[in-house]
Each structure stands twice: as structure tokens, then as C-alpha cells.
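Q: The structure is given below, and queries will be raised subsequently.
The values are calculated or read from the model by the stated rules, or taken from the named source; none is laboratory data. These numbers come from a predicted model, not from an experiment. Cβ placement follows ideal geometry from the backbone for every residue including glycine, while neighbour counts extend to all protein chains displayed. Only protein heavy atoms, including side chains, enter the accessible area calculation; ligands, DNA and RNA are left aside. Shrake-Rupley method; radii C 1.70, N 1.55, O 1.52, S 1.80 Å.
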Amino acid sequence: NNIGLVSAELPLSQINELIKSDSVAYISPDREVAGFGHVGLTAGLYNTGISDRGDSDANTWLVGSGIGVAVIDSGVYGDHKLFRRWDDTSKVTNYDFTGSGNNAEQYGHGSHVASIMAADYRLGNAAYEGDASGVSVYSLKALGSFGTGTSANVIAAIDWAIANKASKNIRV
């Protein structure tokens, strides 16, 4: 509804009709998708000379307070210490787009991705702190327990994030 994409299960005869339509730019099967890869380069957040709070102090950094970030992946384990706020509440809200009815992290990749951004440093030192540790994380589970899902799952999650960006202060 919000991104101009449609996910539908159709008979082949109707797909052939859509191909001929001038209002359809592209048709794709509901392919398997998977999370992969790791961030190989650091963000440089704490490098001298970087100041992102609108001042000239190179020792101040954007922490993400008041901002929501949607992580579309295999889920995020919000009970981990890395995802706790100072009052010990979770900064993660989970939603399921896989149709499984299970919004728990079962693969690990989503938690890994979210921790790069949102992890708190309280596990011992700042080595575990994410670049924007003050953000609220909206875990939009589109991949299942094997790290796979469908493009329809991902589209539904993107659509949710766009539809809720104002009310959740999500940056898209």
C-alpha cells in the first residue's frame, strides 16, 4: 500500500494478463531471500573530527535517542543485555512477517545486525556499544529460523515501516 508494490498469488493465466498491462512495470516470482555478509569496515563514529550533534565538539556523537529503526531480518533477541535500556526494559519491539506466528529470533543474523547499531556498552566496556545505542529497535522478522524467507515477507515489512514511520519516529 505504501511503496507501490503488490504481493499476490495468481494463476498463470492472470500473470500473463498482467504482463500486457501498461500499469505494471515488473513481475517477479516470490523468490527466496536470505541475510548474508558482514560489515567489513567500521563506521568511523569515534574518529577525531567527527561531530554530529550540530556542534563543533569532536567528542560528541549521535546516540539515536528518540529515533526508531526498523531492522528487517530474522528477528532481534530483545532480552539480551546489549538491547536493554538503563531502566532494564528492552529497546526492541518484535513483529512477525513470516506468517509463522513466532516473532522470536531463531537465526541470529538480525540480532547481529541490530547490535552493530543499537547495542549498549554495559557488558563490560564500550567495545560492545553500537553506533546509535539510544535508538528504539523495531524488529520486523521477515526471515525464519534458517535465515530465509520470501520477497513478499520483506515487502510486507517495508510497507509496515513506511506506514508507521511517523508514529514510531522511524527513519526510512
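Q: Determine the pairs where a residue that is open to solvent by less than 40 Å² (accessible area, probe 1.4 Å), located within the range 143-167, has a partner that is at pLDDT 95 or above and hydroxyl-bearing (Ser, Thr, Tyr) with Cβ atoms under 6 Å apart, the partner being 6 or more residues away or on another chain.
A: LEU143/SER74; GLY144/THR98; GLY147/SER74; GLY149/THR98; ASN153/THR98
Q: Can I ask one more? Here are ALA119, ALA126: which of them is among the hydrophobic types (A, V, I, L, M, F, W, C), open to solvent by 40 Å² or more (accessible area, probe 1.4 Å) and at pLDDT below 90?
A: None of the others qualify; the one that does is ALA126.
Q: How about the range 3-28: which of its residues are in a loop (DSSP other than H, G, I, E, B) and open to solvent by 100 Å² or more (accessible area, probe 1.4 Å)?
A: Once the filter is applied, which keeps residues that are in a loop (DSSP other than H, G, I, E, B) and open to solvent by 100 Å² or more (accessible area, probe 1.4 Å), the range 3-28 yields VAL6, GLU9, ASP22, SER23, ALA25, TYR26.
Q: Kindly indicate whether ASN103 is in a helix (DSSP H, G or I) and either on the phi < 0 side of the Ramachandran plot or modelled with pLDDT of 95 or more (or both).
A: No; evaluated as a whole, the condition is false for this residue.
Q: Let me ask another. From the residues in the range 63-92 that are assigned to a strand (DSSP E or B) and farther than 17 Å from VAL154 by Cα, which one is least open to solvent (accessible area, probe 1.4 Å)?
A: The selected residue is GLY68.
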